Amino acid sequence: MTSEEKKIPYRKVHFIGVGGVGMSGLALILLERGVEVSGSDEAVSDYTTRLQARGADLHFRHAAENVPTEADLIVYSSAVPLDNPEMETARQQGIRTVQRGIFLAELADYFPCVIAVAGSHGKTSTTAMIAHVLRRLGVKPAFLVGGDVPEWPANASAGAGQVLVTEVDESDGTQAYMNATYGVVVSVEDDHCWNVGGESELKSCFETFAMNAEFLLAWKSEEAENLFQNHGNLTFYSEADIPSDMKVGVPGDYNRINATLALGVIERLKLDRTAIMNALQSFPGVKRRFTKWLETPDKSTVIIEDYAHHPTELKAVMATLRREYPEHFLKIIFQPHRFERVRRYGEAFSTVLEDADHVTVVRPFAAWKQNPGDVAPENIAHGIKEIPADYWDAPIPQLASSLCEDHSATKSSGKTLFAVIGAGDVADVIPGLRDLLIESYLDKYLSALKKDYPDIETRRDKSWAQLTSLGIGSYKPLRIAPANDSELACVLKKACETGITPFILGCGTNLVGAEHAELRVVVELSNKNYSSRKETNSGLMVGAAVGLWELMKALIMKDKLPAEAAPLSWIPGSIGGAVRMNAGADGARIGDYVRAVHGIRANGERWSCKGDDIEWQY
């Protein structure tokens with residue numbers, strides 16, 4: 001701890017609505033700083049599971065008895081109503097309560113350097129970029145990101161206690177409480193203005209945040225100039241400031257804007273510009289921000305998910321989709337987020353969506369509020385005149401089969417891009433959609449295989465749980481059981497040609513199976529040709545499917561192998577898998593006893609190799 005760092009004064013903090021991305025992040029930072037944390041929410045989530053693993057005491061219903069009598073602070077989500085029983089208990093016991101965003105601002109005061117990112121669009125990605133670069137450069141920042149970054153164990157961390165990187169929220173006005181060393185404003189629009197009293201109040205909130213920052217970096221726009229021009233330490237950035245050699249690990253012009261602002265603020269920490277630029281290239285993105293869920297090997301079918309829920313965001317994402325996949329038939333599955341956005345932006349959504357090839361508008365994600373009665377979300381679909389558009393008001397997972405009924409593209413390219421867009425539960429369509437599209441691609445592979453070998457044995461009757469010793473995985477993979485080497489060569493060759501991964505399944509020992517469809521074909525060497533043993537002048541010719549333990553025991557008992565090989569009989573699995581990985585136990589290795597290996601390459605070519613010529617490795 002440096003002389004500048006302040007010790008966080010809380011002993012025990014209770015969180016009401018702890019399961020959200022922001023609330024759980026704050027709780028995680030406190031846990032890492034040694035503060036006891038308790039909390040409540042209505043449902044278990046990945047975030048709550050993570051907190052419990054770190055020692056948080058959580059309850060999954062709201063009740064007065066959840067509040068610890070020794071709590072010295074209660075933090076509540078903006079979604080928590082004032083008549084919540086835990087809020088009432090706090091009032092009765094005289095425990096201080098504070099809104100999430102205000103608590104974040106208070107927590108920031110305990111860090112010597114605070115980088116706070118605001119913006120109607122782009123703040124989560126920009127915050128994640130800054131934290132990513134600082135982590136790569138060894139700074140060990142504390143951070144709070146409003147989304148999950150694929151390579152990170154969590155979306156928040158207490159870091160080394162010197163630098164805090166966080167996004168701040170305009171939706172409830174709490175960003176005005178933040179006193180940042182470096183304030184970053186990515187964009188200013190009227191989104192969320194209905195929550196804070198109108199457009200003028202929203203602009204005032206941005207202005208207050210900016211004026212509270214010691215140094216301000218902002219993307220130049222007419223609105224930003226009007227709001228921030230009186231700041232004493234202001235730097236505006238524009239298109240001209242984007243470095244010509246800027247490369248970002250995620251697509252989109254908007255991400256080049258985000259990266260330019262990230263570069264600008266990180267350079268002020270006296271870090272090397274070249275190192276910053278290199279780190280930006282490795283940025284993995286944030287989940288639900290142009291996340292690719294599927295791209296078939298021939299690139300004919302793609303699923304992209306994005307969080308866009310404002311017309312400006314939607315337009316930017318669609319432009320990126322068109323640029324990244326210019327030959328694809330673009331099918332948009334769009335879900336409005338909140339009825340108020342439907343009221344304000346419904347016509348704008350229709351106009352932007354006209355640039356797709358087909359649109360399905362899904363019923364809005366209400367975010368805990370009921371339709372006020374005068375909002376007609378179906379009008380977004382009805383307002384799209386130039387292309388086919390549908391409105392879906394049934395359960396979202398059921399939409400997957402409807403989308404797949406006719407997913408063949410109308411363009412000559414034969415390529416289809418499914419874009420699932422929205423900040424709500426529209427993502428629930430993705431697992432089923434992905435499974436169905438993968439199954440369709442596997443059917444193409446199977447058809448090609450059956451042309452050459454119409455009688456080849458195929459199976460789909462067992463799940464991974466039934467095929468493996470660990471018993472995990474509900475998905476039933478496509479299994480093919482070739483009768484001979486010719487069929488096996490064809491199986492592998494067709495898989496190679498179509499880009500499908502062939503997976504050779506031996507005894508299924510210590511394998512973790514999948515819950516959803518995979519772009520792979522399981523090859524079972526169950527035919528007797530692969531489980532046979534044949535005496536030769538030089539030893540024993542063994543099929544790859546023979547059990548290793550069975551073979552070793554038999555050979556040792558007949559004095560065909562020395563006693564030193566006995567530990568190999570302890571290994572559950574097939575001889576094929578053992579040779580592939582040079583399995584060993586207690587000093588014995590299978591490679592020491594192999595005279596030759598015969599196999600088939602992924603392209604269907606046969607090969608042989610003497611055991612002495614193999615560079616055996618585990």
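Values computed for the structure shown
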quantity: Solvent exposure ordering (accessible area, 1.4 Å, most first) of Tyr453, Tyr177; calculated: Tyr177, Tyr453
quantity: Environment charge of Leu321, counting only residues whose C-beta is closer than 10 Å and scoring Lys/Arg +1, Asp/Glu -1; calculated: -1
quantity: Peptides 278-285, 574-581 ordered by average Cβ neighbours within 10 Å, highest first; calculated: 574-581, 278-285
quantity: Stretchable slack from Trp616 to Met246, in nm (0.36 nm times residue separation minus alpha-carbon distance); calculated: 128.8 nm
quantity: The range 544-618: relative contact order in percent, alpha carbon pairs under 8 Å with at least 6 residues between; calculated: 25
quantity: Extension gain, Glu327 back to Glu564 (0.36 nm per residue minus Cα-Cα distance, nm); calculated: 79.2 nm
quantity: Shape call, the range 250-368: gyration tensor on alpha carbons, a/c limit 1.5; calculated: oblate
quantity: Nearest 10 degrees, 0 to 90: helix 485-498 Cα axis against the chain principal axis; calculated: 20
quantity: Heavy-atom SASA rank of Lys610, Lys270 (probe 1.4 Å, accessible area, largest first); calculated: Lys270, Lys610
quantity: Percent antiparallel among DSSP beta bridges (both partners in the chain, rounded to 5); calculated: 25
quantity: Per-residue ³J(HN,Hα) for the range 446-461, Karplus 6.51 cos²θ - 1.76 cosθ + 1.60, θ = phi - 60°, Hz, x for Gly and Pro; calculated: 5, 4, 5, 5, 5, 4, 8, 9, x, 9, 4, 7, 10, 9, 8, 9
quantity: Prolate/oblate/rounded label for the chain (Cα gyration tensor, a/c 1.5); calculated: prolate
quantity: Positive dipole terminus of the range 316-359, leading residue within Ala356, Phe339, Ala316 (C-beta point charges); calculated: Phe339
quantity: Relative contact order for the range 128-279, counting Cα pairs under 8 Å that sit 6 or more residues apart, in percent; calculated: 20
quantity: Residues of the range 431-552: accessible area per residue with a 1.4 Å probe, Å²; calculated: 49
quantity: Taking the chain and dividing mean pair separation by its residue count, relative contact order in percent (alpha carbons under 8 Å, at least six apart); calculated: 7
quantity: Debye, to nearest 20: dipole size of the chain, +1 on Lys, Arg Cβ, -1 on Asp, Glu Cβ; calculated: 2160
quantity: Accessible carbon and sulfur surface of the chain relative to its total accessible area, %, 1.4 Å; calculated: 47
quantity: Gyration tensor (alpha-carbon) shape descriptor, the range 217-282, a/c threshold 1.5; calculated: oblate
quantity: Estimated FRET transfer efficiency (Asn537, Asp592; beta-carbon r; R0 25 Å; 0.05); calculated: 0.75
quantity: Computed [θ] at 222 nm, helices only, for the chain once each DSSP H run of length n ≥ 4 contributes -39500 (n - 2.57); calculated: -9500 deg cm²/dmol
quantity: Fraction of antiparallel bridges per DSSP, the range 184-318 only, in percent to nearest 5; calculated: 40
quantity: Protection proxy ranking of 292-305, 207-220, 89-102 - average other beta-carbon atoms within 10 Å, highest first; calculated: 207-220, 292-305, 89-102
quantity: Segments 555-565, 510-520, 235-245 sorted - mean Cβ within 10 Å per residue, highest first; calculated: 510-520, 555-565, 235-245
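The values are calculated or read from the model by the stated rules, or taken from the named source; none is laboratory data. A quick note: this is a predicted structure, and the numbers were derived from the prediction, not measured. As a convention, Cβ positions derive from the backbone with ideal geometry for all residues, glycine included, and neighbour counts pool all protein chains shown. Just so you know, the surface numbers come from the protein's heavy atoms only, side chains and all, with ligands and any DNA or RNA stripped out. Shrake-Rupley method; radii C 1.70, N 1.55, O 1.52, S 1.80 Å.
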